[in-house]
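Here you go, one structure.
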Amino acid sequence: MDKFGPLSLQPRKGKAWRPRSSPRRLRATYNRRDGVMHMLAALDLATGKVYYRIRERKRWREFLALLKTLRARWPGEKLYVVLDNFSPHKQPNVRAWAAAHDIELVFLPTYGSWLNWIESEFVALRYFALNGTDHRSHTEQNAAIGAYIRWHNAHAEPKTNFAPDSAIRIWTNYPAKAA
């Protein structure tokens, strides 16, 4: 689980399907009158699907709401949630609720958020849904993000075999597939 954002309304550089010519002038974004949004997302390694919420803030309350949604999706199972060291993840109310509902919060090392598999999904999201766009409203931008995630989830595959040909598996006798 991680956060993606801030999602601000701005023209984003990227490739577009149009003939090459002089570049179109990008609109100025001196003011952020519409504010920014934040996406909180979780990646299910068993299915490869992404579950997300876009909110105006990214406090512990929004994080806890997503945890509750995940708990409702998988009742009766122990959940392991891999997180970075963002302070709302460590808030006492969040830790207490997670412990009471059989959710183990697994924290990555400091400056090690790149170890979280969802980061690669965010790169794809940025490339396919946001690059080369100039959304005029958060509703329009959120619709583009939602369309990409629906497409991604329809084509998702389990994330069970990480780096099958890696030399590190030979050095450490790490199994190719989880038992």
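Since every read-out is calculated from the coordinates, none of them should be taken as a lab result. Every value quoted in this text rests on a predicted model; they were computed, and no experiment measured them. Note: ideal-geometry Cβ built from the backbone for every residue, glycine included; neighbour counts use all protein chains shown.
What FRET efficiency would be calculated for the residue pair ARG150, VAL123, taking the C-beta separation as r and a Förster radius of 22 Å, to the nearest 0.05?
For R0 = 22 Å, the calculated efficiency reads 0.75.
If you put +1 on each Lys and Arg Cβ and -1 on each Asp and Glu Cβ, how big is the dipole of region 80-152 around its Cα centre, in Debye rounded to 20?
120 debye
Any chance you could run the full-extension gain for GLU157 through GLU104? It's 0.36 nm times the residue separation minus the Cα-Cα distance, nm to one decimal. Intermediate results must be reported in sequence, preceding the final value.
On the way: separation 53, 0.36 × 53 = 19.08 nm, distance 2.40 nm.
Extra length available between GLU157 and GLU104 comes to 16.7 nm.
Order the peptides 101-111, 41-51 from the highest to the lowest mean number of other Cβ atoms within 10 Å of their residues.
By packing density, highest mean first, the sequence is 41-51, 101-111.
Could you give the length gained on full extension between GLN10 and THR139, defined as 0.36 nm per residue of separation minus the Cα-Cα distance, in nm?
Extra length available between GLN10 and THR139 comes to 45.1 nm.
Calculate, in nm to one decimal, what ARG59 and LYS90 gain on full extension: separation in residues at 0.36 nm each, minus their alpha carbon distance.
Using 0.36 nm per residue and subtracting the Cα-Cα distance, I get 10.1 nm.
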